[in-house]
Protein chains: 4
Amino acid sequence: MVFGILGGDYRYKFLYEMLINEQNKVFIYGNKYVENTNGYNNIDDFLKEINILITPIPFTKDNETIFNIYNEILDINILIDKIKNNNIKILCGGVIGKDRIKYIEEKGIKVFDFFEDEAIAILNAIPTAEGAIQTAMQESDKTIFNSKCLVLGYGRCGKILANMLKGIGANVTATYRKQIDYAYINAYGLNSINLYNIENIINDFDFIFNTIPYEILDKNILPKVNKQTIIIDLAQAPGGVDYNCARDLNLKAIYCPSLPGRVAPYTAGEILKDALLDYCKNNL
Amino acid sequence: MVFGILGGDYRYKFLYEMLINEQNKVFIYGNKYVENTNGYNNIDDFLKEINILITPIPFTKDNETIFNIYNEILDINILIDKIKNNNIKILCGGVIGKDRIKYIEEKGIKVFDFFEDEAIAILNAIPTAEGAIQTAMQESDKTIFNSKCLVLGYGRCGKILANMLKGIGANVTATYRKQIDYAYINAYGLNSINLYNIENIINDFDFIFNTIPYEILDKNILPKVNKQTIIIDLAQAPGGVDYNCARDLNLKAIYCPSLPGRVAPYTAGEILKDALLDYCKNNL
Amino acid sequence: MVFGILGGDYRYKFLYEMLINEQNKVFIYGNKYVENTNGYNNIDDFLKEINILITPIPFTKDNETIFNIYNEILDINILIDKIKNNNIKILCGGVIGKDRIKYIEEKGIKVFDFFEDEAIAILNAIPTAEGAIQTAMQESDKTIFNSKCLVLGYGRCGKILANMLKGIGANVTATYRKQIDYAYINAYGLNSINLYNIENIINDFDFIFNTIPYEILDKNILPKVNKQTIIIDLAQAPGGVDYNCARDLNLKAIYCPSLPGRVAPYTAGEILKDALLDYCKNNL
Amino acid sequence: MVFGILGGDYRYKFLYEMLINEQNKVFIYGNKYVENTNGYNNIDDFLKEINILITPIPFTKDNETIFNIYNEILDINILIDKIKNNNIKILCGGVIGKDRIKYIEEKGIKVFDFFEDEAIAILNAIPTAEGAIQTAMQESDKTIFNSKCLVLGYGRCGKILANMLKGIGANVTATYRKQIDYAYINAYGLNSINLYNIENIINDFDFIFNTIPYEILDKNILPKVNKQTIIIDLAQAPGGVDYNCARDLNLKAIYCPSLPGRVAPYTAGEILKDALLDYCKNNL
């Protein structure tokens, strides 16, 4: 197993260091935070050395070039051509896209998309939850301890955030739509409320954390939110808040996407490293 | 809504009292713990009064007669004939059986099987977990606080038991087979071990709690368990322990089925009451 | 260091085994649960071998003879005469009494009274709390999870019990008299109430745990307690409940003294062992 | 009771608003964050209205003038002269000084120093702990969840911080000097280490939080700290770190005094408000 890290953000610096610390052979190319010290100075030399290629998260933003390679623009198709002519067995990255994954796999290369892996998503909920709590602490004049928190959504992120808020001493209410979630929320010692009934109690919270990826805090609900409440929106773009409406109402709503890489890149890198090594062990 | 409780155990005494306390009209017949005070003295009179019939848990043990009606034997088919000739709209109970449910529903009566309802199963995991902890406390010369506990299985019961043991100060390890469970176990601050690797560490625990409904603690594993370890088996019959082997090895393995009704019949009755009222509201 | 255990209860069996397991030289005499296997068959031979003597807890009940020596009655003064003529440097035990401690120390023997050591008392609060919880679980038809618990007193035992009840999912209120305790109760995430105001809310609890060593639940308060409430009294004799009054009112009040030795003798023995070794290291 | 707030920081804005919200009569003068709307425009008119005077925290920094009155310099002695000629019964503030308190009390005015009140100090440990956690989150690339944290000192702040860190999922070790603290640390489910033995394990922590008000992290200890470790110093000035040495070693040591007023002025104000009302009720 020879790993090659291509581009990427600060997480990949830690991923690089951790892979080395665990006695793996690793090359890196085009990452802003790590100097190449391996003697090659173009991507072709880099690709020749490796058999596991780690591409940026996300893979692309414009659907034409690979995202976030330092000082270089690299066409997606050119990269795919290059890798099929090399010794590469596994390609990893994030948000690669179904069609593209199929296309690459047809060339005999296995693809591991970090964003399609549910275990990674669950583990990423930990730095997401901590980042949400950090943001809430920064934005508020109150402590989270003893505050009233509403967590909208009880999926991966909602579960872990609600549990962490409780651990730090908040009074936490989580929302459910299904009776199963109602049961788990109660079994984990949290307060529960049906998502469709939040209107009546939403004015009672110091903090509202949203994890639901659609506009749940819309122009019907926002006017009922207390002016002192801090809204932290963790949902994927475009988030779960009508931000224009929030602004008009003078509500403090903060959009916090992609927290793991921003607030805890070491931990985020470690999660990727563990999943990557596990995948490679089972697939190489 | 007029409720009728037919037979049943101590939980149904509490169910009866709670339904009354919440201003429902309730009749009861053939329950050992509650006297009929409503003036009727046979089942026909009882059935005429009601439109929601609550039958015992389980519905039957011999597939011919209704289980646990005090001082009376009642044939299943006779009961079904009786209810279709009355005003009964909903029949509830536990472990009624798929074919029988279908047969009853064909007669225009809705059936709510407490044992098929996942929310009830999750909520029952709370008294199950507490009963398991109580049993462990009774059987051991050590405190659970600071002890090493292994929880086999991370389903409904494993999740809630592991969390409660942690809350009381144990050092808890839970087993996983899927990466998703591995991730949740870690995210909830527990130690994790792959179920297929327990052999190597199983001698290290003060308490082993099994929630897996097949013989996981078999003649290969049991000899590696420490003689001081207490094994608490929560799995449905026939449990997850080779009890003959455990006896030969002088291991303390305790089979603990159906804990909610035994250790916390009030709470178990309350769970049924909440689910029942919720079902009736939506189905009547 | 050669240890000699004289009499004592089940805890001393564990103390004996643990001292041996940690490679100490230990003799035992007159303990019901352990056979002497060291070849001596009277107390004089036993005392000759040792320099640290561990006497029963309590030291005496009748102020004349040593408590709880198996199959033997031993006069206190005779024992003290014997030890001053031997090689004994330290005498340990529980509730030895101030005057007696002074008298023994004048003979050049150091005395370590387990019951005068605050660290032991704090650590014993753990098995006490667990025993209280076990008793509450056994006595109640409800789960402790989600129940309302009142903890009277916020000393060593109250602090640790309240925290453990919270960990298992109870809704816990602790009482204070001083503002300092009020502050700590709140800082540890519990509800607080002034001890002098409990009258108004005492009917609201599923469980009342008393740790205050005087009759706090007296004939003025008890009539306001709910009939379903379980009272667990952990205070030292004579306890904190007017038991005659409780009986007349049909209240369930359970007196639970000396829990550590009864519910968790292994843990209780371990606490003594750690404290003993620590004391000996610093005093021999 | 008519309250008068003189100067002060952002906390006093919240104190002002809370006192009003609880239907108290309150005047304010010289606070940067609140406009006087009561019609008086000099301090003499202000003082005439009130009988409880709340002075800034700290009372003075130069021992001559009152600290932090907006747009005004006020001599301490002049203020004291003014208040004895008015209707003022109670003077509150922080760090007033023993001699000065005695001097004021001789004039028949009761003095309540917020900084001498232990309950306030305990409650302030909550926002202090949260501020420390927020700072640690901001400074680190790792999550606190699953990290190894060392808390130096187990007084008010150490107790509450250690407990909160555990609640958020950290692996927490606290230091003790006395056996009593050793016992409590263990009873609260934390790891313990004797303060004099930290040298051997100090390189093992992701975060070190100091609450001990003397230079515990000195030039002997600091070289053993890991370069990746974040040191958060919560001790009162001059703190517990040899900052010159830390800088030379390239260690990240952050001095965090007075967190409550900075990170959670609302909560800090609320703590003062509760204590103030309690004091006034008992002393007026």
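The values are calculated or read from the model by the stated rules, or taken from the named source; none is laboratory data. What you see is a predicted model; the values in this text were computed from it and never measured. In this analysis, Cβ positions are derived from the backbone assuming ideal geometry, glycine residues included, and neighbour counts consider all displayed protein chains.
From the list D:Asn163, D:Asn203, D:Asn220, the lone residue that is among the polar types (S, T, N, Q) and crowded, with 21+ Cβ neighbours inside 10 Å is D:Asn163. Go through region D:133-157 and give me each residue that's within 14 Å of chain C (Cβ to nearest Cβ) and in a helix (DSSP H, G or I). The answer is D:Arg156, D:Cys157. Every test in (1) under 21 Å from the mean Cα position of the chain (by Cα); (2) more than 27 Å from C:Asp117 (Cα to Cα); (3) not in a strand (DSSP E or B) is passed by C:Ile231 save one, and that test is (3). Would you point out the residue of region C:234-248, among those that are within 21 Å of the chain's Cα centre (by Cα) and farther than 14 Å from C:Cys157 by Cβ, that is surrounded by the fewest Cβ atoms within 10 Å (Cβ to Cβ)? Checking each candidate, the answer is C:Ala237. Please verify whether region B:235-257 includes one or more residues that are in contact (Cβ under 8 Å) with a residue 12 or more places away in the chain, assigned to a loop (DSSP other than H, G, I, E, B) and among the basic types (Lys, Arg). Within region B:235-257, not a single residue is in contact (Cβ under 8 Å) with a residue 12 or more places away in the chain, assigned to a loop (DSSP other than H, G, I, E, B) and among the basic types (Lys, Arg). One residue alone among A:Leu123, A:Leu79, A:Leu150, A:Leu47 is buried (at least 19 other Cβ atoms within 10 Å of the Cβ) and in contact with a Lys or Arg (Cβ under 7 Å, 6 or more places away or on another chain), and that residue is A:Leu47. Consider region B:99-115 and keep the residues that are of a type in the set (A, V, I, L, M, F, W, C) and in a strand (DSSP E or B). The one that is nearest to the other protein chains (Cβ to nearest Cβ) is B:Phe112. Looking at region C:175-194, is at least one residue closer than 27 Å to B:Pro260 by Cβ and in a strand (DSSP E or B)? No, because not a single residue in region C:175-194 is closer than 27 Å to B:Pro260 by Cβ and in a strand (DSSP E or B). Among residues that are surrounded by 20 or more Cβ atoms within 10 Å (Cβ to Cβ) and basic (Lys, Arg), C:Lys84 is not included.
Comparison of C:Ala246, C:Ala268, C:Ala235 shows that the only residue that is of a type outside the set (S, T, N, Q) and not assigned by TED's automatic domain parsing to the domain that holds C:Thr173 is C:Ala268. In contact with a Leu (Cβ under 7 Å, 6 or more places away or on another chain) and either within 24 Å of A:Tyr12 (Cα to Cα) or not β-branched (Val, Ile, Thr) (or both): is that true of A:Leu217 in this structure? It is false that A:Leu217 is in contact with a Leu (Cβ under 7 Å, 6 or more places away or on another chain) and either within 24 Å of A:Tyr12 (Cα to Cα) or not β-branched (Val, Ile, Thr) (or both). Here D:Gly169 meets the list (1) touching a helix residue (DSSP H, G or I) at 6+ places or on another chain (Cβ under 6 Å); (2) part of a loop (DSSP other than H, G, I, E, B) almost entirely, failing just condition (1).
Check whether at least one residue in region A:223-232 is within 19 Å of A:Ala125 (Cα to Cα), crowded, with 21+ Cβ neighbours inside 10 Å and out of contact with any Leu (no Cβ under 7 Å at 6 or more places or on another chain), and report yes or no. Yes: one or more hits.
Return yes when C:Lys102 is surrounded by fewer than 24 Cβ atoms within 10 Å (Cβ to Cβ) and either without any contact (Cβ under 8 Å) to a residue 24 or more places away in the chain or farther than 25 Å from C:Leu277 by Cα (or both) and no when it is not. Taking the combined requirement at face value, the residue satisfies it.
Among the residues of region B:116-130, which ones are part of a helix (DSSP H, G or I), in contact (Cβ under 8 Å) with a residue 40 or more places away in the chain and closer than 30 Å to B:Asn85 by Cβ? Across region B:116-130, the qualifying residue is only B:Ile120.
Scanning region D:50-88 for residues that are of a type outside the set (A, V, I, L, M), without any contact (Cβ under 8 Å) to a residue 12 or more places away in the chain and closer than 25 Å to D:Met1 by Cα yields D:Asn77, D:Asp81, D:Asn85.
Every condition in (1) more than 14 Å from chain A (Cβ to nearest Cβ); (2) modelled with pLDDT of 95 or more; (3) surrounded by fewer than 24 Cβ atoms within 10 Å (Cβ to Cβ) is met by B:Glu118 except one, and the failing one is (1).
Scanning region C:249-284 for residues that are away from chain B (no Cβ under 14 Å), within 23 Å of C:Asn210 (Cα to Cα) and either buried (at least 20 other Cβ atoms within 10 Å of the Cβ) or among the polar types (S, T, N, Q) (or both) yields C:Asn250, C:Leu251, C:Ala253, C:Ser258. Taking region D:1-13 as the range and being in contact with a helix residue (DSSP H, G or I) (Cβ under 9 Å, 6 or more places away or on another chain) and buried (at least 22 other Cβ atoms within 10 Å of the Cβ) as the test, the residues that pass are D:Phe3, D:Gly4, D:Ile5, D:Leu6, D:Gly8, D:Arg11, D:Tyr12.
So in region C:121-132, with the set limited to residues that are β-branched (Val, Ile, Thr) and at the interface with another protein chain (Cβ under 7 Å from one of its Cβ atoms), which one is farthest from C:Gly94 (Cα to Cα)? Ranking the candidates gives C:Ile126 first.
With the requirement that a residue be out of contact with any Asp or Glu (no Cβ under 8 Å at 6 or more places or on another chain), acidic (Asp, Glu) and more than 20 Å from B:Tyr184 (Cβ to Cβ), what does region A:173-227 give you? Of everything in region A:173-227, those that are out of contact with any Asp or Glu (no Cβ under 8 Å at 6 or more places or on another chain), acidic (Asp, Glu) and more than 20 Å from B:Tyr184 (Cβ to Cβ) turn out to be A:Glu199, A:Asp204, A:Asp206.
Among the residues making up region C:134-152, those that are farther than 18 Å from C:Gly189 by Cβ and not hydroxyl-bearing (Ser, Thr, Tyr) are C:Gln134, C:Ala136, C:Met137, C:Gln138, C:Glu139, C:Asp141, C:Lys142, C:Leu152. A count restricted to region C:169-186 and to residues that are among the aliphatic types (A, V, I, L, M) and surrounded by fewer than 24 Cβ atoms within 10 Å (Cβ to Cβ) stands at 1.
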